[in-house]
Structure formats: structure tokens, C-alpha cells
Amino acid sequence: MKLPRLAWRQLRRDLASGDIRILIAALTLAVVAVTAIGFVTDRAERALAIEANRLLGGDAVLRGDQPISGALREAAMAPGLAHTETVEFQSMIRVGEGADANLRLGDLRALGEGFPLRGRFVVDDARGEHDAGGIPAPGTLWMSRAGADQLGARPGDAVSIGQSRLTLAALVVQEPDAAMDYFNVAPRVFLNLADLPATGLVQEGSRIRYRLVVAGDAAAVERFTGVAKASLGRGQRLETIADARPEIRSALDRAGRFLGLAALVSVVLAAVAVAMAARRHGERHLSGAAVMRCLGASQRTLVGIHVGEMALLGLFASALGVAIAFALQWAVGAWLAQALGLSIPPAGWLPALQGLAVGMVVLLAFAAPPVLALRRVSALRVLRRDLDRAEPAAWAVLLSGFAGLAALVWWKAGSATLGGAMLLGIGATLGALALLAWAMIALVRRMRARLRGALRYGLANVSRRAGSSIAQVTALGLGLMALLLLTFVRTDLLDRWQLSLAQDAPNRFIINVQSDQVQPVRDFIAAQGLAAPTLVPMVRARLLERNGTPARGESVAERVEAEGGDARQAQRRAEREFNLSFADALRDDNKVVAGKFWGTTRPARPELSVEEKFAASLGWKLGDRITFDIAGQRFTGRITSLRSIDWESFRPNFFVLASPGALDGYPASYITAVSVPVSKPRFTAGLVQRFPNLSVIDIDVVLKQVRSIGDQVSTVVQVVFWFAFAAGVLVLLAAVGASQDERLQEGGVMRVLGASRGQLRLAQASEFAAIGLLAGLVAAIAASVLSGVVAREVFDLPWQPNWAMAAAGGALGMAAALAAGLFATRRVVDAPPSVTLREIDG
Amino acid sequence: MPDAASPATQSRTALDVANLGKRVPLPSGELTILEDIGFSIASGDSVAIVGASGSGKSTLLSLMAGLDVPSSGEVRLDGAPMSALDEDGRAKVRADKVGFVFQSFQLLPSLTALENVMLPLELRGDADAEGPARATLAKVGLAERLAHYPRQLSGGEQQRVALARAFVTGPSLLLADEPTGNLDTHTGEAVIELLFAMNMEAGTTLVLVTHDEHLAARCSRVLRLDGGRLVGA
């Protein structure tokens, strides 16, 4: 008979046995964990690639603070390219007339014909929500829905901008290039570029951003970017899909990597279950293999049958895992689309192939040694059962398992260093948990003397099979620990952190207060019964020079990169607008860490105090002379101190502070933060009503949004950790399976000695309850220690034991171990004792 | 009638087996393991059941212990029919009245010698298990090995622990299945001496399944099984 057919026949026979079912379940679980995460990450990356186009509104965008003309504009007119432009700036927006008018500072975007070249506007008007299919008609404008809510505007209303009055035609539901901008609170207004000149808002000195957008076939776009890069002028920047939203791209990359590695925890635990089940499978086939040897089967035939069986099983389990993962990611994909506000393209097939590969690697590394050892079985075993157990060599098992694991971790981590650290981390965590488990099992051994009968027998089993018990407690404990830690950080620590923020921590930032409004605003706030706030001046500036040499974004980036810093961040910071402030004394949330703060004495020459990390990111040092451009005038100051800032104070803080008097005469606006109690819901409306030019940022809303994003992310992580927990349960099942013969025999003896079914069940229950309780305790202890570290290092909170968490861990561990253990040992109670004893006694 | 024996005769019936049969279904038809077995054993008597492999000895022992249910007939222990009881009821009867000694000792490996002997008392619900267990282990000469686990004891010692476990509950019936089958001749003889001595002292009814004619001869009666039938008593 052909080998494949023999292998297939053996697999079909074996499917009825517990060890093969556990093997399949463990393998399937490992593949589901890795593949589901792979699918979801893949889809998110695809969504981002599409989003990147949408975010730009085209394939490449040239930004500048002056109208884009000359060679660059000509390059955009090349064949194969479409182009358009937009003009953006801030302006007051007025809805209504006279005393009833609502005024807010808003972001204005004048759109050229054809915009967006990629992506679309979705608007809401009399027709309902629909694709806008273009830009606002001349004489009309669109407004962001949130902005219209703030201003109380409805379609058909007249909206004044500068000297123009335009009709609000529709509300914007989705903007092509504003996705994921959680913190944008100002109303956004869109008008036709043709209407811009009439507003009279584009004047000399206005802060205006010009964008030239191009799209076309890849070669034409590449030619355009080549020309553009070569002829970029001062204040001009080129963006392509590749560098759009680098922070989201790298966040997604990191999230994908983290989830992939977290999924590997499930794979490691599942691998332990695979190894246990494969060992039992090998043992069960010893006699059969010996008989086949007697009947003349060669080693090759034996290996062929068993390896063939394993390969079939691996393919089946991996394919099942991929199918389950595929179903799961549909659900997750729908949720992700809603959470991110994106449409998400379907996943590619690469994760499925990777999942299959993971399944086969785990099987090969962890199941091969005991199966291959079968070939060494002696035919003599037919006569003498105690002869030649055909155990795989310990080093082969370890080496094979380690190699398989290392390969997977290295692949997921993407680098040998991170992979090594991850392996060490997993090893150390498992080692620490195992040590804890060992200590607790030793305690159980002492405790059992106080118990009687079935209970004592149950607990005695925990300490007798100490190795197996340690494996079960560790595996279950690891999954539980991850779940507990996540829950603890997500709820308890975040709650405590929020409580720890001063009760009167400011929750409204008020910006854009003009010099002549400082006192009236202060009076208004005081009249509301709130503490009179400090209004801090703020001067907008652009970086010009450092120590007399021009500090352009690229040159700063190059220098910072040469010094080993983050070039991209340095370039962004150097190019964007700086907010300077001045102060004669430092608040208690600022601390000088280097140099000397000017204090109350007014220095003769302007001095600067810079936040230490910000200075480091730009390569600034004490003593450096920094020159800024403030509304066309040069301002130079020397860095005389570096500060650290406690950002959790939630008060306005500045990276760069100037000495008092240094910024006198430069145009400044003021900013402040106040703590508004929930009992004053009308505060913001009243303030804006009185001072229409002010913008108010509601920190409560922002925190709520941050928290909701955090919740969404941790839900995904939680799913991954539930996989790990399930893998822990499979380890328990595999361990029980491995001791099934002993359990049947001992159950039979207990029955002969007069134990009732109830007493047998009690013995089993006490054993698994102990295993589960220990796993829960181990998990709670480990999670408490880790969350203590997180509390101290991340949230700056003292460690606080969480008994509820420990109890929840214990209860969950016990419930899972009891359910799984009693299920796995049901045969021990159900098997007639006479049959059991006859089988065993021969 | 056997179960109506007068106490005055000092031969109260401990075990009564009547018309006992055991058949198991096989794909090829029904296999008869035991057929029409009947005998009575008086209290305190010792009976050997002998027969070749496959003659049905172990099945008969299982039925007498209530580990299995007969296809026909009845087993009465101290006059009470076993078949009227469910599994847990039969377990209770075993806990109260039956001791068991196996060929391969069947000590629970996770428990010490002392705990193994205490177990049947605890399962029965006795308040004090440790005292009697210690005393019985001392009787079999293992007072110094109470805290040893089975794997730390020799075969002979393990079977002595098993004897202690069987006698500690003061059973009215002791069932022994090839008790020396796994021991060398010398150790086996020592164990048998101990078994008979303890049996004598406790006045227990002993049923011993064995291949060993020499051992069977030490019992007051020998029942012979062949092909599932009783061929000589």
C-alpha cells in the first residue's frame, strides 16, 4: 500500500483520540492568532496607502508660504499630469447679523477647479449625504459639520468672510485630507478659489499657505517630483505618498509589530501543547510501531507513515486556522473601518501563507522529535513492554523547539536584536512564572496533610506531577497575566491617573486673546466665579539662524542625523511655526536643569530658556544664539537655561521662553487655561458670545477622545491575549491527556476502594481548582508587579495592590481550569472500574 | 436455603452467588464469559478460584466486588443483593465491607504509604483514619515507612501496604487477585503468610483468584472455572 494512503488511514483512525484533537486545536489556535493579526495589520496598511493619496488630495503636493510660480508651476503642467491648487488661512467667520451674529475663528480653504485630484468630499445638503463631485460653486461655501454646529449655521444661511457674503450650500461630512485629525476643533470653511480675491483677505503679511496639487501616471509624477526637489525655494516643501503622515505610518508599523509579537505568546503556549500532545501520540503508537517492525516494516516506512500523518494534520489544522482568522478579520475590519473612519480594502493573501508557514514550523519544531523517535522502536517491544521507550533525545527536543521558536520570533520582530530581546523576555517571564508556580506547588504539598480523602488525593496529584503542574500553571498564568495587566492599566491605572491630576487641573484652553482683551477676559472669567487666570503672551515666529548660520529644515535635519537624532522630527520642528512666550518667573511645573534662569532681574540682552528635550531634538546647546523671524522682523536671543516641564499640569507651557521685555513691540496674542466645573456648561458659549474671536479647546472632550481611542486599541490587544489564555487552557488539556492512563487506573482503584462518583469528581475538581487558583495567583502577582512598574514609570503613581484584580484572576483561572480539567477527565468517572482495571492489570 | 443459615451453626453465609452469567456483545455475536455460576461462601471461610487464562476468573471477581453488573443471576453480600444497588450504592458496599488486593498492588503513587492506607477509611467517612492506618501498617511491619511513597518501596513492601489498605476497614470479604503474581517466590510466600495470618486474625472471608495450585491448596475450598463454567468445587 502506498505510504500516503497509509498515513491518511492512520490520521482518520487517530482523529478519535484526544491527543490528536488537542494537537489540531493547538495548531489551529497558533495559526488563528498569527493570521488574524496579519490580516488586520495588512488591511490597515492597505487602507493607509489609499488614505495617503486621499490625505494629499493628489499624488504629490507642493506647499509654500508664497504663491507657487515659475519653474515649479511649469513642471506641474507637463503632459500626463493634472494639477490644481488650494489656498489656506485662518479668518473670522460670521453667521447672522448684529447682536445675534455668531463669530468664530475658522480655517478657510479656497479650492481650485478639479480639487481633489484624489479622494473626495462627502457633503450633506437637501439631497442628504452624497459625494460632492467637485468644489463649491462660486458664491457658495461649505462648512464642516462640527463648525456649523458651533456657529449655529444651517444650509441656506448667509456666511460673512472678510468683505464677502456667501451662501452656505452644504455641510462637509468627509474631507479628503483631514482624516484622523482628532484635535481639529476650529470650524472649517471651503470656498471656490474664484471667490477668494473678493474677500479682501489676501494681503501683504497675511499668513497664508499655498498648495499646488498634482496627480497623474507614476512616471509623470516622478518627473515632477524630480524637478520640484531640485528647485524648492525657501519655505517650500514637497510631500508625496511615501512621506505622508509619517507619524501614523510609524504608529501603525509599531502597532502591527507589537500585535504580531503578542500573538507569538499564543504561538509559544500552543507549541507547548503541541509538544505534549505529540509526545503522548508517540507513546500511544509505540506498540503499534513495534508490531509493524515485527511484521517487517522498515524504518523508512514507519517514518513515512507518521511524518505523512503529521503533514496531513498540519495542513488541515493550518488551513482551518486560516479560515477562522479570515472570518474573524471581517468582523474586526468592519469595526476598524468605523473606528478610523476609513473604508478598508480587503486583505491580501500573504498573511494566509504566513499563517500556513507558522503552523508547519510549529508542527515541525515541536512534534517532529517524538514522532521521528518511533523509527527507533525495537521489534522486541512486542514481547517486553518495558523495553525501549524510544524517547526522543532531550537535546533534540530542546534544539528543535528553540530553533523553530527563534525563527518565528526573528521573523515577527524583524531584527535579530529585537527578536533576541523578545526571546529573552518570553524566556524570563516564563521562568519567573514557573519559579512562582514551583514555590506555590511546594506550599500545596505541605497543605495537603490538613485535608482528607478525595480532596487530599486531588491536591497530591498537583504536587506528584509537579513538572506537568508547573507547565499548566505557567501556561495558564501567562495568558491570565497579560489579560489582567491590560485590564488593570486600561481601567484602574487610567482612572487613578485622571484622579491624580489636580482636581482643579485646567480643562479649557482659551487661545487667540488679543492684548486689549486680556483684562476683559480675566474679568469675565472672574465674574463666572472662577479663579482669575494668568494670561500668557504668545508670539509666533519662524526659525532663521543658529549661531549666525541659516537654520533651514534640511540642514537642521542633516546635522541632527549626523549627531544620531531623529532627522524627520528635527526638520518638522525647524520648519514649523514657533510659539514664543516670555516670563519673569518660572511656575512650579517648570524646573531648570542646566544653565541659569534670568529670574526677576531683566537681562540687558534677550535670553532664551528652552525645554531640554526640544533643544536636544534640534541640536541646540546652552550658549547658542538663535534668530527668529517675527512678522518680518529679526529677533535674536541666547540660550541661557534648559528646563524640564511637567506636562501633566495641563497648563499652557512653551518650548521656548524669552526674558521679560525681549519681545516687547512684537505682535502677541494671549493664551490661558481655566478649570471649568461641570456645573457651568454654558461657560464656553458665554465666553465666545462675548469675545467672538476667541477659540476654546475643551480638554475634557480631547481626553475623552484619547480614552476612546485607547479603548479601541486595547480591545484588539485583549483579543490577542484571549488567544494566549486559550492556548494556556490547551496546555492544561494536553497535560491531562498525557496523564490519562494513570488517571484512569487511579480512578479505577479509587472506585474499588469504595469511592463514589461524587468523591472522584471532588478529587478531580480539587486538583484542577488548585491548578487554576495557582495560575490565577501567579498571574495576579506578576501582573501586580508589572503594573506597579507601569504605575511608577509611566504614570508616576505609587504602587497599590488591587485585590479585586487578584480575585478576578483567581476566579477566571479556577473556572477555566475546572471546566477544562473536568471535561478532559470525564472518562475517568464514566469508565466502568472493572474494565479499567482489567486493561491495566493485563 | 443458603442465606437462611442459622447463626448457631457458625456458618453464616457471607457471599452467595446464584445463576450468575456474563455475556458481552461482539460484532460477530454474543460472547459468553461466565455461565450459570452458583456457590455460597460461609463467613470466615477461605476459597480459591482457579482456572486457566480466559476462564473468567477476573470477571467473576469483578462481579463479586460489584465492579461490574452480571447479565443474569445475582450476587448477595451478607444477604443483600448487589444488583439492587446503583454504582454509588455498590461503591458504598465496597467501602464498608470489601477489601481488595491486586496482582500489581495498585497503590496510588501520589500518596504516601500512610495516606494510601488512610484513603479507604476517609472515603467511607471515618472520623479517625490515621490511628487505625498507623496500627495496621505497624502490623504488616512498615511502621518505619509511613511517609514513603510507593516508588520508594520494594515490590514486597508495596504489597504489604496493599494488604494493610485492604484490612484497615475491617472488611467482611477480602478479594485477592493473583496477589503474588508480581513477586519473586520468596517475597510472595512472605506476603501470603501475612495475608493468611491477618485473615485468620480478622476472621475475614477470603476469596483468592490464582493460577498457583500450591497457593490454592492453602484455602479451605477450591472452585475451578473452565470456559466460564464452574467445573469443580
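Suppose each label sits 7 Å from its Cα in the direction of the beta carbon; what would the A:Arg12-A:Leu353 distance come out to in nanometres? About 3.3 nm, to one decimal.
Could you work out, residue by residue across A:743-752, how many beta carbons of other chains sit within 10 Å of that residue's beta carbon, and then give the average as an integer?
Working: counts 0, 0, 4, 6, 0, 3, 9, 6, 9, 14.
Partner-chain Cβ atoms within 10 Å, mean over residues of A:743-752: 5.
Binning the C-alpha pair distances of the protein assembly as shown at 10 Å intervals from 0 yields a P(r) profile of 2, 8, 13, 16, 14, 11, 9, 7, 7, 6, 4, 2, 0, 0 %, listed from the shortest bin outward. Each of A:Val31, B:Gly54, A:Leu399 was placed along the dipole of the protein assembly as shown (beta-carbon charges, centred on the mean Cα), and the one lying farthest toward the positive end is A:Leu399.
The H on the amide N of A:Phe582, modeled in the peptide plane, is under 5 Å from the matching H of A:Ala658, each at least 5 residues off or on a different chain. Applying 1/(1 + (r/R0)^6) with R0 = 51 Å to the Cβ-Cβ distance of A:Lys596 and A:Ala526 gives a FRET efficiency near 0.90. Helix A:699-738 against the longest principal axis of chain A: what's the angle in degrees, Cα atoms only, rounded to the nearest 10? It is inclined by approximately 10 degrees. Taking 0.36 nm per residue of separation and subtracting the Cα-Cα distance, full extension of the segment from A:Arg257 to A:Thr549 would add 101.0 nm.
Can you put A:Lys229, B:Lys22 in order of Cβ neighbours within 10 angstrom, beginning with the fewest?
On the way: A:Lys229 10, B:Lys22 22.
In increasing order of surrounding Cβ atoms, one gets A:Lys229, B:Lys22.
May I ask you to compute the full-extension gain from A:Leu3 to A:Arg826, defined as 0.36 nm times their residue separation minus their alpha-carbon distance, rounded to one decimal in nm?
Values: separation 823, 0.36 × 823 = 296.28 nm, distance 3.57 nm.
In short, 292.7 nm is gained.
Over all other residues within a Cβ to Cβ distance under 14 Å of A:Ser298, the charged ones net out to +4, with Lys and Arg as +1 and Asp and Glu as -1.
In whole Å and largest first, what semi-axes does the C-alpha gyration tensor of the range A:508-674 yield when each eigenvalue is scaled by 5 and square-rooted? Walk me through the numbers on the way to the answer.
Numbers: eigenvalues 164, 55, 51 Å².
The three semi-axes for the range A:508-674 are 29, 17, 16 Å.
Partner shielding of B:117-127 amounts to 5, given as the average count of beta-carbon atoms from other chains within 10 Å of each residue beta-carbon.
Taken along the Cα-to-beta-carbon direction at a fixed 7 Å, the label points for A:Ala811 and A:Glu222 span 6.2 nm. Global dimensions of chain B from alpha-carbon coordinates: Rg and Dmax equal 17.6, 55 Å.
What's the local net charge at B:Asp88, with K and R +1, D and E -1, over the other residues with C-beta under 12 Å away?
Values: positive: A:Arg751, A:Arg757, A:Arg761, B:Arg90, B:Lys92, B:Arg94; negative: B:Asp86, B:Glu87.
Here the charged neighbours net out to +4.
In chain A, the calculated helix contribution to ellipticity at 222 nm averages -18500 deg cm²/dmol per residue, counting -39,500 (n - 2.57) for every DSSP H run with n ≥ 4.
Taking every residue in B:58-65 and counting other chain Cβ atoms within 10 Å of its Cβ, the average works out to 3. Taking amide H positions as modeled 1.01 Å from N, with prolines and chain starts lacking one, the residues under 5 Å from B:Gly99 and 5 or more places away or on another chain are B:Leu173, B:Leu174, B:Leu175. Each label point was placed 7 Å from the Cα along the Cα-to-Cβ direction; for A:Gln299 and A:Lys229 their separation is 6.0 nm. Straightening the chain between A:Arg450 and A:Leu424 buys 5.4 nm, computed as 0.36 nm per residue apart minus the Cα-Cα spacing. Calculate log10 I(q)/I(0) of the range A:452-496 for q = 0.26, 0.31 Å⁻¹, where I(q) comes from the Debye formula with a single equal point scatterer on each Cα and nothing for solvent. After summing over all Cα pairs, the log10 values are -0.85, -0.96. Between the amide H of A:Leu608 and those of A:Arg638, A:Ile639, A:Thr640, A:Ser641, distances stay under 5 Å, these residues lying 5 or more places away or on another chain, with hydrogens modeled in the peptide plane.
Of the DSSP beta bridges with both residues in the protein assembly as shown, give the percent that are antiparallel, rounding to the nearest 5.
70 percent
If Lys and Arg each add +1 and Asp and Glu each add -1, what is the summed charge of the other residues whose beta carbon sits under 11 Å from the beta carbon of A:Thr627?
Values: positive: A:Arg542, A:Arg546, A:Arg625, A:Arg634, A:Arg638; negative: A:Glu545, A:Asp624, A:Asp629.
After counting each charged neighbour, the total is +2.
Readers should treat all values here as calculations from the given coordinates under stated rules, not as data from a laboratory. Owing to the predicted nature of the structure, the values given are computational and were not obtained by experimental measurement. All Cβ positions, even for glycine, are placed from backbone atoms using ideal geometry, and neighbour counts span all protein chains on display.
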